[in-house]
Amino acid sequence: MITLIAGGTGSVKLARGLSKVTEDLMVISNVADNIWLHGLYICPDIDTVTYGLSGLLDKNRGWGVMNDSFVFMEQMRRFGKDYWFKLGDKDLALHIVRTQFIKEGKSLSWITEWIRKSLSISTVILPASDKHFETRIETSMGEMHIQEYWVKHHAELDILNIRYEGIEHANPSAKIFDAIRNSEMIIIAPGNPISSIAPVTSIPSIRKELELRKEKVIAVSPIVGNQALSGPASKYLRAMSIESSPAGIASFYSNIAANLVISESDKEYENKIQSSGVQVYKTNIIMEDDQDEIRLSKHLLKILNKC
């Protein structure tokens, strides 16, 4: 069994690739970007993985359903309501179903499993927690939900601090602990380390399990040189006083991952990474198409016997 810790567009690419080369994959998804909007409970990272594994994802945008329309959002704009967070008309169905189940008292894990089966997805998707907690960004305009910072304000505001509000009450399901304990390899996807991965790995009980098994944990760097593969990862890292480089990633993950895959163009960081006690593997980590996703996934499985 392989477990993937996931969040963001880089994660869904690797999840897709791994799902095609291994039959026993479990994805632990970030939930700290979940948000209530328009009376609906939205789970962006869970939904991106769900759509990606079901073949419904709009790959050009990296989120939402392909060939979707936005009539609902246009009507919200006409009524003078918030319309900064785009919800597609097809996408709405998932959020409505999820919210109805929540109101019936179902857990997020139960709901995610129900949706997975409804879409005939073979890979199990596990929310990192059934309890709501969220990433909060402190800026010069005040503190705000990460979706407001990233989507509404386009990540343009200076960051003063980032924290995970309510994480101390997070309660991972028993299936998450089973996955971590029984997996041959645990992979940290090349998602944003601060906003997509750390909300999972900072849950105290999950972090403890990873620390005990870090020799079989392998992270894929989301940074090439000093630039993020996508999104504001470099900005978030610098805001938290973490070097935006493969060496910075190695240091950030060193307590929970004994292995790191970096770009073959980043050989200059190899010695520094190894000096921090992290084993380095080099390959092409950029995933531009389905073949790249499969290629990187196969490379990770080859490393499995070396860890």
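Take E168 and R77, extend 7 Å from each Cα along the Cα→Cβ direction, and tell me the distance between the two endpoints in nm.
The two pseudo-label positions are separated by 4.3 nm.
Determine the distance separating the Cα centre of region 18-77 from the Cα centre of region 265-307; give it in Å without decimals.
27 Å
Let me check against my output: what whole-number percent is the relative contact order of region 34-127, with C-alpha pairs under 8 Å and at least 6 apart? Could the numbers behind the result be given before it?
On the way: 93 pairs, mean separation 23.2, N = 94.
Relative CO of region 34-127 lands at 25 percent.
Applying the Karplus parametrisation 6.51 cos²θ - 1.76 cosθ + 1.60 with θ = phi - 60° to the phi angles of region 191-199, what ³J(HN,Hα) value in whole Hz is obtained for each residue in order, glycine and proline being reported as x?
x, 4, x, 8, 9, 10, 9, 4, x
Mind pulling the angle between the C-alpha long axis of helix 108-118 and the longest principal axis of the chain? Nearest 10 degrees, somewhere in 0 to 90.
The two axes meet at around 90 degrees.
Hey, if you put +1 on the Cβ of every Lys and Arg and -1 on every Asp and Glu Cβ in the chain, which of V31, M185, L108 ends up farthest toward the positive end of that dipole?
Ranked along the dipole, the leading option is M185.
Between L4 and residues 5 or more places away or on another chain, which pairs have amide H atoms under 5 Å apart, with H built 1.01 Å from N, and which residues are they?
M26, V27, I28, I187
Quick one: if you stick a label point 7 Å off each Cα along the C-beta vector at K267 and S120, how many nm between them?
Label at K267, label at S120, 4.7 nm between them.
Using alpha carbons only, how many degrees (0 to 90, rounded to 10) separate the axis of helix 9-21 from the longest principal axis of the chain?
Once rounded, one gets 70 degrees.
Straight distance only, please: which lysines reach the Cα of K81 with their own Cα at less than 25 Å, same-chain residues fewer than 8 apart left out?
K90, K103, K152
Among (1) 50, 48, 37; (2) 58, 44, 37; (3) 60, 48, 38, find the value of Cα extents along the principal axes in Å that was calculated from the structure presented, and write down its label.
The calculated read-out lines up with (2).
Fewest to most neighbouring Cβ within 10 Å: what's the order for F79, F252, F177?
Details: F79 7, F252 20, F177 14.
Fewest to most other Cβ atoms nearby, the residues stand as F79, F177, F252.
Since every read-out is calculated from the coordinates, none of them should be taken as a lab result. Everything numeric here is computed off the predicted structure, so don't read it as measured data. Note that each Cβ is placed from the backbone with ideal geometry, even for glycine, and that neighbours are counted across all protein chains shown.
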